[in-house]
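All remarks here apply to the structure that follows.
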Amino acid sequence: MPLLPSLYNVAFWLSRNATDAEDLVQETFLKALRGFGAFELGTNFRAWIFRILRNTYLASRTGLAARNTVGLEDELGDSSESGAALHPESAIDRQTPEMNLINLGDRAAVQAAMEKLPPPLLEVILLCDVEEMKYREIAVVLDIPIGTVMSRISRARAALREELQASIMLPREFRA
Amino acid sequence: MSDHLSPALLNSLADGELTPDQRTTVDEHLTECPFCTSSALFQSLLKSATTKAGQRYVPPSQLLERLTLRVQEEGDPSRSAPRRMNLRPAKGLAFAGWVAAFALLLVFGSIVFVQRNSNRTAIVSSRYAGLVTEACDQHVATLASNSAPQVISSDRHTVKPWFQGKIPFSFNLPENLPDDTKLEGANLTYFGNQPAALLLYSIGKHRVSVFVRQRIGAGIPDDFSREHAGFHVIGFSTDELEAVAVSDVDPNRLSNLVGIIERSQAQASQSMK
């Protein structure tokens, strides 16, 4: 079944366990079937079904918990259409990248850093980097403006970089 | 653009989201600004790393069976809630409707799947192209520098121990080489953003650079062979390592040396079992 691996991978990342991921994917497919009449031919099918997955996740127990604990836009005033204006220069790494390169090759370290992202940042990174969606598609899936997509991506990557840099300082056995 | 590039522009560059005008401006800036070039490189590498790391969970084989069963249940009123029982006369139609919807879902999904697969193939191809270019560039740079290797080889027992503690893996070096082939020495280097051993061989008067590093993902295919800027590039993978050799020597002789190095890795892993 095409898209099953992608949907399951994202579902597992979001729900953090296999049982919930399977339920999430199953519910997504059933909702897609039931609501197939609402899908407009010629529009983006992948964005449509990922949006169902995401909405199903938000309505789930883990999704509700995540929604209640994180309110990025409210917290950070991050609702502008222009992602560029939101980030100070310090958000960019101006150092030589050698230190970072060491850990970028460490898949486990990158996965650990991704696990520490708050759900709104994790989902945007999954859709952008893993699912290789365009910003426009991500905006449809997450139901947010493109500017917010851009600012979340910036914030997510800055957080990943900080986490990876921090993990260099700690031996593997001491990493969370 | 006198100031540094904003994070949004750097991310859009890594994500291929710049407009043509933005792309021109950014390219101009990058030619003059090493800080932003470094940042752009890092953003691109980070994206690549998260792409790989994010592909982490594979659906269990029974999930597809469960899904198919559930779809059939949804489409079969006799297995569903009692409220549907009064729709019995339309049972066949309803089931046909579900089957048609499921088929449409599969068709759309298949189209997306094929598109994504072609994208992945392009990414893999560009990864190999990047490795070939980098191997040739480093080979030329090593030849041009005219400096002695960081470790000069008296025999294979000099070179291999030198890497202890310098790289996060170990490799084996072949004992017996063809008559006119010699291990000159080695350097510690970065290859494809990974710490790597650069083994410097000579075959007659031709120089050969062999990059050995930890294997990433599917590794380099067995028949990997490319031509780039007049150089022959050959590679191989083992369970743990991958290697790329580059030289302007006759491709058969290069292939022979690479084969000997590859077999020595296999012998090393067999002796460890």
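Read the figures in this text as sums done on the coordinates, not as results from a lab. Being a predicted model, the structure only gives us computed values, none of them experimental. Reconstructed Cβ throughout: ideal geometry from the backbone, glycine too, with neighbour counts over all protein chains shown.
For segment B:194-209, just list the computed ³J(HN,Hα) in residue order, Karplus coefficients 6.51, -1.76 and 1.60, θ = phi - 60°, integers in Hz, with x standing in for Gly and Pro.
Running phi through 6.51 cos²θ - 1.76 cosθ + 1.60 with θ = phi - 60° gives 10, x, 9, 8, 9, 8, 10, 10, 10, 10, x, 9, 8, 9, 10, 10 Hz.
For segment A:1-69, just run the numbers: alpha carbon Rg, then divide by 2.2 N^0.38 Å, N being how many residues it has.
This ratio for segment A:1-69 stands at 1.09.
Mind listing the long-range amide H neighbours of B:R207? Cut-off is under 5 Å, sequence gap 5 or more, other chains count too, H placed in the peptide plane at 1.01 Å from N.
Here the answer is B:D248, since their amide H atoms fall under 5 Å of that of B:R207.
Give the residue from B:L45, B:L10, B:F35 lying farthest towards the positive end of the charge dipole for segment B:7-50; charges sit on Cβ (+1 for Lys and Arg, -1 for Asp and Glu) and the dipole is referred to the Cα centre.
Of B:L45, B:L10, B:F35, it is B:L45.
From zero outward in steps of 10 Å, how is the percent of C-alpha pairs of segment B:170-273 spread across the bins?
15, 51, 31, 3, 0
When Lys and Arg each count +1 and Asp and Glu each count -1, what net charge do the other residues less than 14 Å away from B:S225, Cβ to Cβ, add up to?
Once positives and negatives cancel, what remains is -3.
List the trypsin sites (Lys or Arg not before Pro) within segment B:173-213 that DSSP assigns to loop and that have no more than 15 neighbouring Cβ atoms inside 10 Å.
Values: sites: B:K182, B:K205, B:R207, B:R213; in loops: B:K205.
Within segment B:173-213, the qualifying trypsin sites (Lys or Arg not before Pro) (loop, at most 15 other Cβ atoms within 10 Å) are B:K205.
Quick check: net charge around B:C136, other residues with Cβ under 13 Å of its Cβ, Lys/Arg +1 and Asp/Glu -1? Can you show the working numbers first?
Values: positive: B:R207, B:R226; negative: B:E134, B:D137, B:E227, B:D248.
Local net charge: -2.
Taking the Cβ of B:E240 as the center, what net charge do the other residues with Cβ under 12 Å away carry, scoring Lys and Arg +1 and Asp and Glu -1?
Neighbourhood net charge equals 0.
Given R₀ = 25 Å, what would the calculated FRET efficiency be for B:A218 paired with B:D137, taking r from the Cβ atoms and rounding to 0.05?
With R0 = 25 Å, the Cβ-Cβ based efficiency is 0.60.
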